[in-house]
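The values are calculated or read from the model by the stated rules, or taken from the named source; none is laboratory data. Note that the coordinates shown come from a computational prediction; the quantities given were computed from them, not determined experimentally. Note that each Cβ is placed from the backbone with ideal geometry, even for glycine, and that neighbours are counted across all protein chains shown. All accessible areas refer to the heavy atoms of the entire protein, side chains included, with ligands and DNA or RNA removed. Shrake-Rupley method; radii C 1.70, N 1.55, O 1.52, S 1.80 Å.
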Amino acid sequence: MKTKKDQIDNFLEQPHIAFAGYSTNPKKFGRVMFKSLKEKGYNLYPVNPAGGVTPDGDIIYENLGALPEYVKAVFVATKPDASVLVVKDALEKEFTHIWVQQMSENAEVMDLLGDFPVKVTHQCILMHAQPTGIHKFHWWLVKMIGKLPA
């Protein structure tokens, strides 16, 4: 099943989003993405097995089970093998929205998601979440070649 625009919009409208794959290294993709989304006003809950606190004072949750109960959306930006574990956990904990960042998925992740009603896959969140700079160009390019979800 291909991702549809309404699935993307529905995910981005969630008031609380877990961010699995947060990195404490400011040069890592997980940290850059987290910072960008926070600056755009998204209410994110960083998840990393190491736990701790972000430079801005946000608690870094060790897993999805440690999150407040009202967090029911998860953005997954981990290596594919770790994504399998995150998706299994999200399904077990009855998350309602799952977004797996492009290049974080593999066949097992896709099988697990199956017909899950609100999922986004094979898409870069920065291309859809108020895109700027290169991400806005990426959105335009994908639209021009007819690959933008409708």
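The table that follows gives values for the structure above.
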{"quantity": "Yes/no for Ala129 being within 18 Å of Pro15 (Cα to Cα) and touching a helix residue (DSSP H, G or I) at 6+ places or on another chain (Cβ under 9 Å)", "calculated": "yes"}
{"quantity": "Boolean, Gln14 is part of a loop (DSSP other than H, G, I, E, B), touching a residue at least 60 places away in the same chain (Cβ under 8 Å) and buried (at least 18 other Cβ atoms within 10 Å of the Cβ)", "calculated": "yes"}
{"quantity": "Search result, residues across segment 98-116 that are small (Gly, Ala, Ser) and assigned to a loop (DSSP other than H, G, I, E, B)", "calculated": "Ser104, Gly114"}
{"quantity": "Long-range neighbours under 6 Å by Cβ, at least six apart or interchain, first residue under 14 Å from Ala90 (Cα atoms) and without any contact (Cβ under 8 Å) to a residue 24 or more places away in the chain within segment 49-72, second open to solvent by 50 Å² or more (accessible area, probe 1.4 Å) and in a loop (DSSP other than H, G, I, E, B)", "calculated": "Glu62/Pro49"}
{"quantity": "Hits in segment 77-97 (condition: among the acidic types (Asp, Glu), open to solvent by 60 Å² or more (accessible area, probe 1.4 Å) and either part of a helix (DSSP H, G or I) or in contact (Cβ under 8 Å) with a residue 40 or more places away in the chain (or both))", "calculated": "Asp81, Glu92"}
{"quantity": "Qualifying residue in segment 111-123 (condition: of a type outside the set (D, E, K, R), surrounded by 14 or more Cβ atoms within 10 Å (Cβ to Cβ) and farther than 20 Å from Asp6 by Cβ)", "calculated": "yes"}
{"quantity": "Residue within segment 21-30 that is in contact with a Lys or Arg (Cβ under 8 Å, 6 or more places away or on another chain), within 18 Å of Cys124 (Cβ to Cβ) and either crowded, with 16+ Cβ neighbours inside 10 Å or among the small types (Gly, Ala, Ser) (or both) present", "calculated": "yes"}
{"quantity": "Failed item in (1) surrounded by 15 or more Cβ atoms within 10 Å (Cβ to Cβ); (2) touching a strand residue (DSSP E or B) at 6+ places or on another chain (Cβ under 9 Å), with Ser36 passing the rest", "calculated": "(2)"}
